[in-house]
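Report on the structure given below.
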Amino acid sequence: MTVTFWDIHDGLPREGPGEPADIAWALEVAGTPAEARILDAGCGPGADLETLAALRPAATLTGIEAHAPFAAAAQARLGDRATVHTGDMADPGGPYHLIWCAGALYFLGVTEGLTAWRGALAPGGHVAFSEPIWVSADPPEAARAFWAQYPAITDRDGLDARIAAAGYRVLGRRLLSPAGWEAYFGPLEARLDTLRAAGHGDASAVAEEAREIALWRQAPEAITYALTVVAPA
């Protein structure tokens with residue numbers, strides 16, 4: 001058996017760092033109304049949709065996800081509480097009072113994605129997204145290695161410049177906590193342990209995931225996402 005990325009991630013509760021407190025904060029900053037239309041762009045298996053459903057029980061929820069098995073998992077998780085599509089988050093439909101995007105906007109590019117989503121927002125709508133940033137001028141080597149495959153990473157000022165280039169203004173920002181990363185890496189680490197016990201410890205996909213976790217544990221305060229709430233200027 002060849003173990004792939006998808007074999008490792010199938011059935012995990014979430015596909016990136018985050019915790020319910022992040023979503024609660026974003027909803028507060030955005031002033032998202034009780035009966036809002038909310039999109040989770042790049043929803044993965046639906047962890048954040050589940051939190052959005054709990055925090056805005058009267059909202060109309062939509063998820064869009066490029067990987068069909070994740071979209072199916074999210075739909076099964078939410079039942080009739082949300083509608084989840086397999087598709088391209090660059091063309092999400094709408095209009096929405098809030099577009100939530102946890103760690104997936106980089107697939108489009110910050111400026112490009114925000115520009116594409118402008119027409120998907122209802123009047124007074126907002127976007128809340130998380131994006132990796134450098135938190136210091138001289139990040140440790142572990143942090144540089146962790147983000148080596150994402151050369152577009154910048155600091156706060158660079159992120160603000162990309163937001164402004166799309167014609168948006170920043171309403172608020174907070175850094176994701178180490179607890180949010182543990183919520184992602186904990187179940188992933190348990191999956192890797194299961195695969196090792198089954199004799200797949202030498203698989204390249206297992207080794208790569210283990211390396212990522214090890215790098216994060218070396219510099220948890222330097223490896224983070226900035227969660228930013230923005231609105232068209």
Legend entry - Other-chain or far-sequence residues with amide H under 5 Å of residue 172's (modelled H): 229
Legend entry - Dipole-positive endmost among 200, 161, 150 within region 138-201 (Cβ charges, Cα centre): 161
Inset, instruction - Give, as ranges by residue number, the residues of region 1-33 whose backbone N falls under 14 Å from the point 7 Å along Cα→Cβ of residue 72. - result: 7, 10-11
Legend entry - Inverse mean reciprocal Cα-Cα distance (Kirkwood Rh) of the chain, Å: 18.2
Legend entry - Built amide H within the under 5 Å cut-off of residue 40, gap 5+: 62, 63, 64, 100
Legend entry - Unit charges at the beta carbon, dipole of the chain: most positive-side option, 188, 219, 117: 117
Inset, instruction - Return the whole-Å distance between the Cα centroid of region 100-123 and the Cα centroid of region 191-206. - result: 35
Inset, instruction - Rounded to whole Hz and in sequence order, give me ³J(HN,Hα) for region 219-227 from the Karplus expression 6.51 cos²θ - 1.76 cosθ + 1.60, θ = phi - 60°, writing x for Gly and Pro. - result: 8, x, 7, 9, 10, 7, 10, 9, 8
Legend entry - Contact order relative to length of region 76-233, as percent, for alpha carbon pairs under 8 angstrom and 6 or more apart: 32
Legend entry - Residue-wise HN-Hα coupling along region 50-55, computed from phi with Karplus coefficients 6.51, -1.76, 1.60 (Hz; x: Gly, Pro): 4, 5, 4, 5, 6, 7
Inset, instruction - Can you tell me the FRET efficiency between residue 54 and residue 28 if r is taken as the Cβ-Cβ distance and R0 is 22 Å, rounded to the nearest 0.05? - result: 0.90
Inset, instruction - Give me the percent of DSSP beta bridges within the chain that run antiparallel, rounded to the nearest 5. - result: 40
Inset, instruction - For region 174-180, take each phi angle, set θ = phi - 60°, evaluate the Karplus expression 6.51 cos²θ - 1.76 cosθ + 1.60, and give the result in whole Hz per residue in order, putting x for glycine and proline. - result: 8, 8, 5, 7, x, 4, x
Legend entry - Compactness of region 70-208 - radius of gyration and Dmax, Cα, Å: 18.0, 54
Legend entry - Alpha carbon convex hull of region 141-233, projected area averaged over orientations, nm²: 7.1
Inset, instruction - Within 10 Å, count the other beta carbons around each residue, average over each peptide in 80-91, 52-63, and list them highest first. - result: 52-63, 80-91
Inset, instruction - Using amide H atoms built 1.01 Å from N in the peptide plane, name the residues 5+ places from residue 133, or on other chains, whose amide H lies under 5 Å from its own. - result: 224, 226
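Read-outs: derived from the displayed coordinates by stated rules, not from any lab. Here the structure is a predicted model, which is why all the values come from computation and not from measurement. Here the Cβ is made from the backbone with ideal geometry for all residues, glycine too, and neighbour counts use every protein chain on show.
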